[in-house]
Amino acid sequence: MTTTQDIHSPQFLSGDEFSIPTFRLLQQDGTLFEGAEAPELERDQALKIYHTMVATRVLDERMMAAQRQGRLSFYMQCTGEEAAVVGAAAALDDADMIMAQYREQGALVYRGFSYDEFMNQLFGNELDYGKGRQMPIHYGSRKLHYMTISSPLATQIPQAAGYAYGQKLAGEGYCTLCFFGEGAASEGDFHAALNMAAVHEVPVIFFCRNNGYAISTPSIEQFAADGVAPRAFGYRMHVIRVDGNDILAVLSATREARRIAVEHNKPVLIEAMSYRLAAHSSSDDPSGYRSKKEEEAWREKDPILRMQHWLIAQGWWNDDEEKALQEALRREVLETMKRAEKRPPPPLDSLVSDVYADVTPALQRQLDRLKTHIRQYPESYPKGARSLDPDVKVRDDASNPDVQGGE
Amino acid sequence: MPTMNMLQAINNALDIAMAEDDKVLCFGEDVGIFGGVFRATSNLQEKYGRARCFNTPLVEQGILGFANGLAAQGSVPVAEIQFADYIFPAFDQIVNETAKFRYRSGDLFNVGGLTIRTPYGGGISGGLYHSQSPEAYFAHTPGLKIVVPRNPYQAKGLLLAAIRDPDPVLFFEPKRLYRAAIGEVPEEDYQLPIGEAEVTREGTDVTVLGWGAQMEVIERAVELAEKEGISCEVIDLRSILPWDEESVVESVLKTGRLVITHEAPLTGGFAGEIAATVQERCFLYLESPIARVTGLDTPFPLTLEKEYLPDHLKVFEAIKASVAF
Ligand SMILES: Cc1ncc(C[n+]2csc(CCOP(=O)(O)OP(=O)(O)O)c2C)c(N)n1
């Protein structure tokens, strides 16, 4: 129950009065701020986190290049935000649920999603868990407790509250962490989610990646307030703002958020301040809406380099190891990409499966008709034709010119 | 006459409407300095200022609620929803508010000034959430007008008509044709009528009907059919709501056959509505069952998109089957 205090002259409170501090531990040169203390972090986990960040960056760079070569239709990078994403994942129990927006492949790498698994989704081949239905980067893994991505923004935020409520009822001590951008936090779903979670005391961590832009829209055109964090007060929630490029601060803040969520069944909002260093997606060109100078300034705050400096200072890492790691990862990306590209597409029958638990008679009829049609023009539907008859001779590329006049 | 692609034609229409009337406003996600993710609103902010062309926060329900309020006040908002797939967060504002404003207030208030622009349709490797054709959901809602242009000339003339129409208009833009469709577009101001279909080819054996991006598919199918000696009459519906029953009925009375095609799934698709009306009004004249060539009753796929889409070969086969029935 809220208590109210009476006043007898009109005194307005203003949003300007809220200003939320930023939690940071690590400086760019790898030393801690004065008075700051690193969270407990063993060498093995520190190196795993670092490997994950580097592996994510290598994957992103290679796949963006592959997209430019026309080998895949679309790609989105995590570049610049690796510490925010990987730090958050590293603070969780591996069985906690992660509901991501789309730019959080680092969390999947941390949980052990292999390059092969990434590639199968990116190329939408027969081994893609999503059966070639969604655009590249829409990953999901039941085994790794990573909900399949959905493109409509913010829909995962209230779902995370619901999922976490179920986890609370199940009483197994797990929580859900939900990633979203500061742009997506404008959607009605965000506000609905925070309110539901606060009212129903749900063990969920709402993790906002405030990377400064939603496609071309800078955050100053997204909200008038001091970021997303102050909204937590309106819902009576715990909140912390953290330097998203500071792996130690993100890890430490998310661990504490998890403790609050799981031990007290309280939702927590984390706002990680970072910057989307790359373009929004492979379809975007940021030069139309922001300056190279601004990008350069953020490049100097690279979260991976920052952690590398810290690891070297700990005596846990050196240049030779760095070189060997980079080379090994590059090779692996290229090899797995070639494997995935060669794999056939999902079978034609997958067009009508999973719409319902069982294929309905109407869908079966539609599929049968489609098969008859494709058998008539196998050259025009190369992917479907091949799965109908592996011996059929069709060209490989989907853009092949259609046969004219039923040849 | 200048040559334009569809995006340029849309941009040109917006420019004309904004120059003519201070009350016209353009807004939506990324439409400001960036000019929209497809660049339909390029240069408008520079020309007309941030008060009249602006980025909104990322909230479709907010965009349409705001637009409803603006239109009720007498402004002329042209709101962009970045992809038709993302119009659903605004569904309540459109279906319960936009569509019913005039009716529920006894015309004390209306939002007739509102136009909602949104790119729709597949064939762009967009998968589930960048390919949908949701016109039928809205066609079930009295109070809205729904328009779908097929080329740059139509896009300009119909968009200008939509902006000036006394009713709220949903304007679905076939994004596959944004850059692919290029044609002559008059520089001056002109309007094309909302609610009238266009007969784009005259013929005697079968009527083939579609709208938007399917018109290109129909053209290719009909060329194949004509080579086989089948004479096709082609109709571009242009407006889904209200739709031009008279033109369609008149054509079917002449040909006795009808093939309708759209990308959206079969069940509940707008072809069903047309087929029901035509059988009611042309029953004794029909020589074969009305055929529908559509997407499957599944969400939109990615890898097997080509297989899924109602393309020219499927339409061609439907035409042949209709004539051979
Ligand atoms: C409901 C909805 N509206 C619009 C879009 C198109 N869209 C995709 S990403 C994006 C920007 C998201 O920005 P933000 O949430 O800040 O995340 P970031 O891309 O910066 O990581 C937009 C507008 C969408 N996917 N869903």
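The values are calculated or read from the model by the stated rules, or taken from the named source; none is laboratory data. All figures in this text were calculated on a predicted structure; none of them were measured in a lab. Cβ atoms come from the backbone with ideal geometry, glycine included; neighbour counts cover every protein chain shown. For the accessible areas, the whole protein counts, side chains as well, though only heavy atoms, and no ligand, DNA or RNA atoms are used. Shrake-Rupley method; radii C 1.70, N 1.55, O 1.52, S 1.80 Å.
At-a-glance table
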item: Qualifying trypsin sites (Lys or Arg not before Pro) in segment A:96-161, DSSP loop, other Cβ atoms within 10 Å at most 16; result: A:142, A:143
item: Contact order normalised by residue count of segment A:141-265, Cα under 8 Å, 6+ apart, percent; result: 25 percent
item: Amide proton proximity set for residue B:233, modelled H, under 5 Å, gap of 5+; result: B:203, B:204, B:205, B:206, B:207, B:208
item: Spatial separation of Cα centroids for segment A:349-387 and segment B:139-199, in angstrom; result: 34 Å
item: Under the Karplus curve 6.51 cos²θ - 1.76 cosθ + 1.60, θ = phi - 60°, whole-Hz ³J(HN,Hα) for segment B:238-255, x wherever Gly or Pro sits; result: 6, 10, 8, 9, x, 10, 8, 4, 4, 5, 5, 4, 4, 5, 5, 4, 7, 8
item: Distance from segment A:29-96 to segment A:278-293 (C-alpha centre basis), Å; result: 21 Å
item: Modelled FRET efficiency - R0 60 Å, residue A:259 with residue B:287, Cβ distances, 0.05 increments; result: 0.20
item: Per-residue HN-Hα couplings for segment B:160-166 [Karplus 6.51, -1.76, 1.60; θ = phi - 60°; Hz; x = Gly/Pro]; result: 4, 5, 5, 4, 8, 5, x
item: Lysines whose Cα lies under 26 Å from that of residue B:156, excluding same-chain neighbours fewer than 8 positions away; result: B:23, B:47, B:145, B:175
item: Value of [θ]222 nm, deg cm²/dmol, for chain B, DSSP H segments ≥ 4, -39500 (n - 2.57) each, nearest 500; result: -10000 deg cm²/dmol
item: Accessible surface of chain B, 1.4 Å probe, proportion on carbon and sulfur as whole %; result: 52 percent
item: Cβ-placed point charges (K, R +1; D, E -1), dipole of segment A:1-69 about Cα centre in debye, nearest 20; result: 540 debye
item: Reachable aspartates and glutamates from residue A:292, criterion Cα separation under 17 angstrom, eight or more residues apart if same chain; result: A:284, A:300, A:302
item: Stretchable slack from residue A:143 to residue A:19, in nm (0.36 nm times residue separation minus alpha-carbon distance); result: 40.6 nm
item: Percent of beta bridges antiparallel (DSSP, the protein assembly as shown, rounded to nearest 5); result: 20 percent
item: Listing of segment A:347-369 residues, each with accessible area lower by at least 50 Å² in the full protein assembly than in the chain alone (probe 1.4 Å); result: A:351, A:366
item: Beta bridges by DSSP in chain A, antiparallel share as percent, to the nearest 5; result: 15 percent
item: Angle between chain B longest axis and helix B:214-227 axis [Cα atoms, degrees, rounded to 10]; result: 20 degrees
item: Heavy-atom accessible area, 1.4 Å probe, ligands and nucleic acids excluded: residues of segment B:78-127 down by at least 30 Å² from chain alone; result: B:86, B:125
item: Averaged over A:152-161, number of beta-carbon atoms from partner chains that fall within 10 Å; result: 2
item: Buried area at the B-A interface (accessible, heavy atoms, 1.4 Å probe, summed, Å²); result: 3800 Å²
item: Whether segment A:127-230 is rounded, prolate or oblate, judged on the alpha carbon gyration tensor where a/c under 1.5 counts as rounded; result: oblate
item: Longest exposed-site-free window of chain B, the sites being GluC sites (Glu not before Pro) in a DSSP loop that have at most 13 other C-beta atoms within 10 Å; result: B:1-186
item: Rh by Kirkwood over Cα pairs, then Stokes-Einstein D for chain B at 0.692 mPa s and 37 °C, µm²/s; result: 164 µm²/s
item: Proximal charge balance of residue B:267 [Cβ under 13 Å; K/R count +1, D/E count -1]; result: 0
item: Electrostatic dipole magnitude of segment B:225-267 [Cβ: Lys, Arg +1; Asp, Glu -1; Cα centre; debye, to 20]; result: 120 debye
item: Average accessible surface area per residue within the protein assembly as shown, 1.4 Å rolling probe, Å²; result: 42 Å²
item: Cross-link reach list, aspartates and glutamates versus residue B:100, counting only Cα pairs under 12 Å and skipping chain neighbours closer than eight places; result: B:92, B:167
item: Shielding of B:305-318 by partner chains, average beta-carbon count, 10 Å; result: 5
item: Relative contact order of segment B:122-253, defined on C-alpha pairs under 8 angstrom at six or more residues apart (%); result: 28 percent
item: Length-normalised contact order for chain A - Cα pairs under 8 Å, 6+ apart - percent; result: 20 percent
item: Mean Cβ neighbour count within 10 Å, used as a protection proxy, ranking B:176-183, A:328-335, B:64-71 highest first; result: B:64-71, B:176-183, A:328-335
item: Interchain or long-range residues, amide H under 5 Å from residue B:192's placed H; result: B:158, B:161
item: Rounded percent of accessible protein surface that carbon and sulfur make up, segment A:246-387, 1.4 Å probe; result: 50 percent
item: Percent of beta bridges antiparallel (DSSP, chain B, rounded to nearest 5); result: 20 percent
item: Dipole magnitude of the protein assembly as shown about its Cα centre (Cβ charges: Lys, Arg +1; Asp, Glu -1), debye to nearest 20; result: 720 debye
item: Difference of contour (0.36 nm per residue) and Cα-Cα distance, residue A:61 to residue A:334; result: 97.1 nm
item: Base-10 log of normalised Debye intensity for segment B:60-118 (one unit scatterer per alpha-carbon) at q = 0.18, 0.26, 0.28 Å⁻¹; result: -0.53, -1.03, -1.16
item: Chain-alone versus full-assembly comparison, segment A:204-238, residues with accessible loss of at least 50 Å² (1.4 Å probe); result: A:215, A:216, A:221
item: Residue A:23 long-range amide H proximity, modeled H, under 5 Å; result: A:241, A:242, A:243
item: Separation between Cα centres of segment A:102-143 and segment B:204-233, rounded to whole Å; result: 41 Å
item: Cα long-axis angle, helix B:312-324 against chain B (0 to 90 degrees, to the nearest 10); result: 40 degrees
item: Options B:87, B:191, B:215, ranked by Cα towards positive dipole end of chain B, top entry (Cβ charges); result: B:87
